[in-house]
Amino acid sequence: MKITCKWQDNEWALFKDAQATAAEMLEAAGAKEVTLRNAPSAPGECIHEMGSARMGNDPKTSALNRWNQAHDIKNLFITDGSFMVSSACQNPSLTYMAMTARACDYAVNQMKRGEI
């Protein structure tokens, strides 16, 4: 297998436009000495893979229930980015941590009841 990945003309144009827009906003907000990068990040460097174990109510269209528990394996909880089908531009790590704490609390309560 050989994988080649590089920025094409459109990605470079998007990068330059995003830089100009960000600099404009920062300067309008009063920022001084705004420094721009010379090149974008390497392809794939700052992404968060998500969505391979969708959360939902219907086992036919989702892998997890609202507690991050697998519909078909009651003692399996998935709390990485898999349960989220998308994210905004912010880093989702705090959301992962919050959902993990929530899933753990639920799992502990289910274990105490003998449900799992």
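The values are calculated or read from the model by the stated rules, or taken from the named source; none is laboratory data. Please read all numbers here as calculations on a predicted model, not as lab measurements. Neighbour counts run over all protein chains shown; Cβ positions are idealised from the backbone, glycine included.
Just one of Thr21, Thr79 is outside the structural domain of Arg113 (by TED's automatic domain parsing) and either under 30 Å from Met111 (Cα atoms) or of a type in the set (S, T, N, Q) (or both); which is it?
After applying the criteria, what remains is Thr21.
So how many residues does region 83-100 have that are in a helix (DSSP H, G or I) and surrounded by 11 or more Cβ atoms within 10 Å (Cβ to Cβ)?
Total satisfying the criteria: 7.
Quick check on my filter: what residues within region 37-64 are among the hydrophobic types (A, V, I, L, M, F, W, C) and surrounded by 12 or more Cβ atoms within 10 Å (Cβ to Cβ)? Write out each step before concluding.
Going residue by residue through region 37-64, those that are among the hydrophobic types (A, V, I, L, M, F, W, C) are 39, 42, 46-47, 50, 53, 55, 63-64.
The answer is Met50, Ala53, Met55, Ala63, Leu64.
So for region 13-30 (the condition being assigned to a loop (DSSP other than H, G, I, E, B) and out of contact with any His (no Cβ under 6 Å at 6 or more places or on another chain)), does at least one residue qualify?
Yes.
Hey, among Asp72, Asp80, which residue is at pLDDT 90 or above, acidic (Asp, Glu) and surrounded by fewer than 11 Cβ atoms within 10 Å (Cβ to Cβ)?
After applying the criteria, what remains is Asp72.
From the set of residues in region 67-94 that are more than 15 Å from Ile47 (Cα to Cα) and of a type in the set (Val, Ile, Thr), which is nearest to the chain's Cα centre (by Cα)?
Ranking the candidates gives Thr79 first.
Checking Arg37 against (1) in a helix (DSSP H, G or I); (2) closer than 30 Å to Leu14 by Cβ: exactly one of these is not met. Which one?
It fails just one condition, (1).
Out of the residues in region 1-34 that are of a type in the set (D, E, K, R) and within 16 Å of Glu45 (Cα to Cα), state the one that is surrounded by the most Cβ atoms within 10 Å (Cβ to Cβ).
Ranking the qualifying residues of region 1-34, first place goes to Glu11.
Quick one: would you say Gly56 is closer than 30 Å to Met111 by Cα, free of Cβ contacts under 8 Å to residues at least 60 places away in the same chain and within 13 Å of the chain's Cα centre (by Cα)?
Answer is no for this residue.
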